[in-house]
Amino acid sequence: MPDLTFYHQKRVDGGLRTGIDLDGDTICEDFEPGEAERDPALRWYVDLRCSGEGLPAEADSARDWLLEHEAMIQDGFRRYADQLAAGADPDDYPLQWSGFQPLPPGVQMSIACAVIRRVDARELNRLLLDIAEHWSERIDRLCARV
């Protein structure tokens, strides 16, 4: 059963890593280095985790699938951001949300996220909204680098 994951992460050193994995293999990725002394530990991460027989099995089709379902994905990120408007208690990480509707046939989807700093927890909803607002731009930029 195929697994497709979009990930967006911020490191302690300020570096940002965004990418797409298909069945555990990275098919496209972008890294923007931070300005602080190198520290690869994560400050936060957000994953869109998809699994099921309805997913593409080939890397070339993964980009198209993520863009084809853009409206549903954006809606999910926005609705989850609304739930986290005040942030989230750091004792409950990682957070997981699976309220996508309607799901594509044969696919399960969820958002998983975690932060290590209280200040980041208060900004989690803005981060989710940013992912929603720039979905197609990020996917296009990632996959253009392959």
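No value in this document is a laboratory result; all are computed from the given coordinates. The model shown is predicted, which means the values in this text are computed figures rather than measured ones. FYI the Cβ positions are ideal-geometry reconstructions off the backbone, even for glycines, and counts take in every protein chain you see.
Tell me the net charge near Asp13. Cut-off is 10 Å between Cβ atoms, Asp13 excluded, with +1 for each Lys or Arg and -1 for each Asp or Glu.
Around Asp13, the charge tally is +1.
From the backbone phi of segment 53-69, what are the Karplus-calculated ³J(HN,Hα) couplings (6.51 cos²θ - 1.76 cosθ + 1.60, θ = phi - 60°) in whole Hz, Gly and Pro given as x?
These are the phi-based 3J(HN,Hα) values: 5, x, 8, x, 9, 10, 4, 4, 8, 4, 4, 4, 5, 5, 6, 4, 9 Hz.
Scale the Cα Rg of segment 1-70 by the rule-of-thumb value 2.2 N^0.38 Å and send over the ratio, two decimals.
1.24
If each Cα of the chain is one equal point scatterer, what is log10 of I(q)/I(0) from the Debye formula at q = 0.15, 0.19 Å⁻¹?
-0.75, -1.20
Could you tell me which trypsin sites (Lys or Arg not before Pro) in segment 96-146 are loop residues by DSSP with no more than 16 other beta carbons within 10 angstrom of their beta carbon?
Arg117, Arg145
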